[in-house]
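Enquirer: First the structure, which I've put down as structure tokens, then a few questions once you've had a look.
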Amino acid sequence: MARADHYVRGDVRAFLDMLEQLGRPGVEELPVEEGREGMRTLGMLAEAEPRDLPVVRDLACPGPGGDIPLRFYDTRESREPGPCVMFIHGGGFVIGDLGVYHALCTEICHLLDLPVVSVDYRLAPEHPFPAAPDDCEAAARWIASSPAELGREFTGLVITGDSAGGNLTIVTTNQLGANPADVPVIVQAPIYPVADDPSQYSSFFDFSDGFLLTGAAMAWFTAQYAADPADKRNMPMIGDCSGTPPTVLCTAGLDPLRDSGRNYAAHLIGLGIDVTYLEFAGNIHGFTTLRKAIPSGQDDLESFVAAIKLMLTRRTS
């Protein structure tokens with residue numbers, strides 16, 4: 001469907017036009033490593049500069065397949081006990097890494113004034129499902145234990161992440177709800193997540209071509225991930241969501257995944273969960289890591305983080 005049929009912000013339109021002129025191949029047309037490098041290159045061109053923080057440190061935690069690389073951020077050299085943010089990156093379970101999401105993690109850390117731990121879970125196709133949810137659950141349990149390596153005492157987790165990382169946010173939150181860690185998940189905050197089958201919704205067809213994330217790319221990611229469609233750690237709405245903690249969820253108006261996020265938010269509201277739902281009209285999937293190319297996405301990100309801050313205030317007051 002033509003972009004003229006939908007409201008598209010001016011900076012979003014300029015970015016999409018630039019990509020069209022570049023004629024870059026889709027990730028599904030490239031070898032896996034070239035697709036990963038392409039995401040890194042796009043980030044260098046289109047993402048905002050990272051914040052300078054006093055604490056940025058690479059470390060690792062034990063995982064089911066070996067050590068899981070992590071990156072630890074904090075606005076303070078030391079702090080009183082409080083929440084910790086766990087960030088899970090996107091990229092279709094196939095691409096994406098700590099570096100691509102470095103600037104975003106510094107921004108979330110800065111805006112929330114909370115420590116952030118970014119998780120570099122194993123990627124498909126080398127490590128298909130359930131490697132990613134296994135790693136994220138292991139990392140969450142490790143962080144919740146207030147390990148000496150972080151030098152902080154945590155009272156709860158805020159789990160967030162975008163796209164595939166939004167899916168893993170929900171999955172990890174559900175796993176820790178069913179089998180609690182040392183501290184609870186006090187807020188989950190998925191960013192344009194996959195919560196159920198996106199192909200059953202109109203947004204999948206309306207925006208599957210010409211809006212950065214394509215239907216062809218999603219099909220390729222799904223094939224690489226090789227998950228069981230009936231497994232609740234793949235499509236978390238299959239499972240019991242009644243114990244979900246307070247949730248902040250955002251979608252983009254021009255995203256093929258938009259309606260999956262909408263439906264998940266409505267499902268939680270129907271269960272009586274405290275939910276803040278934000279939909280950013282005229283914006284596209286991936287905007288949180290495209291803030292130099294799409295400056296209006298910075299305001300959207302700030303609104304999303306402000307909603308997390310408000311939810312935390314309500315949760316802990």
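Enquirer: Looking only at the range 150-173, filter to residues that are part of a helix (DSSP H, G or I) and among the β-branched types (Val, Ile, Thr); which one of those is nearest to the chain's Cα centre (by Cα)? Can you show your working first?
Expert: Of the residues in the range 150-173, the ones part of a helix (DSSP H, G or I) are 150, 164-173.
Next, from what is left, pick out any that are among the β-branched types (Val, Ile, Thr): 169-173.
Working: THR169: 7, ILE170: 10, VAL171: 12, THR172: 12, THR173: 13 Å.
Step by step, filter the range 150-173, then rank; the result is THR169.
Enquirer: List the helices (runs of 4 or more DSSP H) that sit entirely inside the range 193-271 and contain at least 2 residues that are out of contact with any strand residue (DSSP E or B) (no Cβ under 9 Å at 6 or more places or on another chain) and closer than 30 Å to GLY23 by Cα.
Expert: Working: elements: 202-206, 215-225, 258-270.
Filter on the range 193-271 gives 202-206, 215-225.
Conditions tested, residue by residue: (1) surrounded by fewer than 24 Cβ atoms within 10 Å (Cβ to Cβ); (2) modelled with pLDDT of 95 or more; (3) small (Gly, Ala, Ser); (4) within 13 Å of GLY261 (Cα to Cα).
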{"residue": "ILE170", "(1), (2), (3), (4)": "no, yes, no, yes"}
{"residue": "ALA181", "(1), (2), (3), (4)": "yes, yes, yes, no"}
{"residue": "ALA189", "(1), (2), (3), (4)": "no, yes, yes, yes"}
{"residue": "PRO193", "(1), (2), (3), (4)": "no, yes, no, yes"}
{"residue": "PHE204", "(1), (2), (3), (4)": "yes, yes, no, yes"}
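Enquirer: Any residue in the range 237-261 that is free of Cβ contacts under 8 Å to residues at least 40 places away in the same chain sitting within a Cβ distance under 6 Å of a residue that is surrounded by fewer than 24 Cβ atoms within 10 Å (Cβ to Cβ) and not in a helix (DSSP H, G or I)? List the pairs, counting only those 6 or more apart or interchain.
Expert: Once the first residue is free of Cβ contacts under 8 Å to residues at least 40 places away in the same chain and sits in the range 237-261, its partners that are surrounded by fewer than 24 Cβ atoms within 10 Å (Cβ to Cβ) and not in a helix (DSSP H, G or I) give SER242/LEU271.
Enquirer: Does at least one position in the range 276-283 carry a residue that is among the charged types (D, E, K, R), touching a Gly at 6+ places or on another chain (Cβ under 7 Å) and not in a loop (DSSP other than H, G, I, E, B)? Outline the logic, then answer.
Expert: Initial filter on the range 276-283 (among the charged types (D, E, K, R)): 279.
Filter again for touching a Gly at 6+ places or on another chain (Cβ under 7 Å), leaving 279.
Keeping just the survivors that are not in a loop (DSSP other than H, G, I, E, B) gives 279.
Yes, some residue in the range 276-283 is among the charged types (D, E, K, R), touching a Gly at 6+ places or on another chain (Cβ under 7 Å) and not in a loop (DSSP other than H, G, I, E, B).
Enquirer: Could I ask something else about it? Please pick out the residue among ALA139, ALA124 that is part of a helix (DSSP H, G or I), at pLDDT 95 or above and crowded, with 20+ Cβ neighbours inside 10 Å.
Expert: On the way: ALA124 fails: part of a helix (DSSP H, G or I).
Matching residue, one of ALA139, ALA124: ALA139.
Enquirer: Considering each residue of the range 208-248, count those that are touching a Leu at 6+ places or on another chain (Cβ under 7 Å) and more than 25 Å from PRO25 (Cα to Cα), and give that number.
Expert: Number of matching residues: 4.
Enquirer: If LEU176 satisfies every condition in (1) on the phi < 0 side of the Ramachandran plot; (2) buried (at least 18 other Cβ atoms within 10 Å of the Cβ); (3) in a loop (DSSP other than H, G, I, E, B); (4) out of contact with any Pro (no Cβ under 7 Å at 6 or more places or on another chain) but one, which is the exception?
Expert: Exception for LEU176: condition (3).
Enquirer: Tell me whether the range 69-77 contains one or more residues that are surrounded by fewer than 17 Cβ atoms within 10 Å (Cβ to Cβ), in contact (Cβ under 8 Å) with a residue 24 or more places away in the chain and of a type in the set (Asp, Glu).
Expert: Looking through the range 69-77, none of the residues is surrounded by fewer than 17 Cβ atoms within 10 Å (Cβ to Cβ), in contact (Cβ under 8 Å) with a residue 24 or more places away in the chain and of a type in the set (Asp, Glu).
Enquirer: Something else: Within the bounds of the range 260-277, is there any residue that is of a type in the set (Asp, Glu), at pLDDT 95 or above and under 15 Å from the mean Cα position of the chain (by Cα)?
Expert: no
Enquirer: Given the criterion of a type in the set (A, V, I, L, M, F, W, C), surrounded by fewer than 19 Cβ atoms within 10 Å (Cβ to Cβ) and touching a residue at least 60 places away in the same chain (Cβ under 8 Å), identify the matching residue among ALA226, ALA164. Steps first, please.
Expert: Working: ALA164 fails: surrounded by fewer than 19 Cβ atoms within 10 Å (Cβ to Cβ).
The unique qualifying residue is ALA226.
Enquirer: Additional query: Give just the number: which of (1) buried (at least 16 other Cβ atoms within 10 Å of the Cβ); (2) within 17 Å of the chain's Cα centre (by Cα); (3) within 30 Å of GLY151 (Cβ to Cβ) does GLY92 not satisfy?
Expert: Going through (1) buried (at least 16 other Cβ atoms within 10 Å of the Cβ); (2) within 17 Å of the chain's Cα centre (by Cα); (3) within 30 Å of GLY151 (Cβ to Cβ) one by one, GLY92 breaks only (3).
The values are calculated or read from the model by the stated rules, or taken from the named source; none is laboratory data. Predicted, not measured: the structure shown is a model, and the values here were computed from it. Methodologically, a virtual Cβ is constructed for each residue, glycine included, from the backbone with ideal geometry; neighbour enumeration extends over all protein chains shown.
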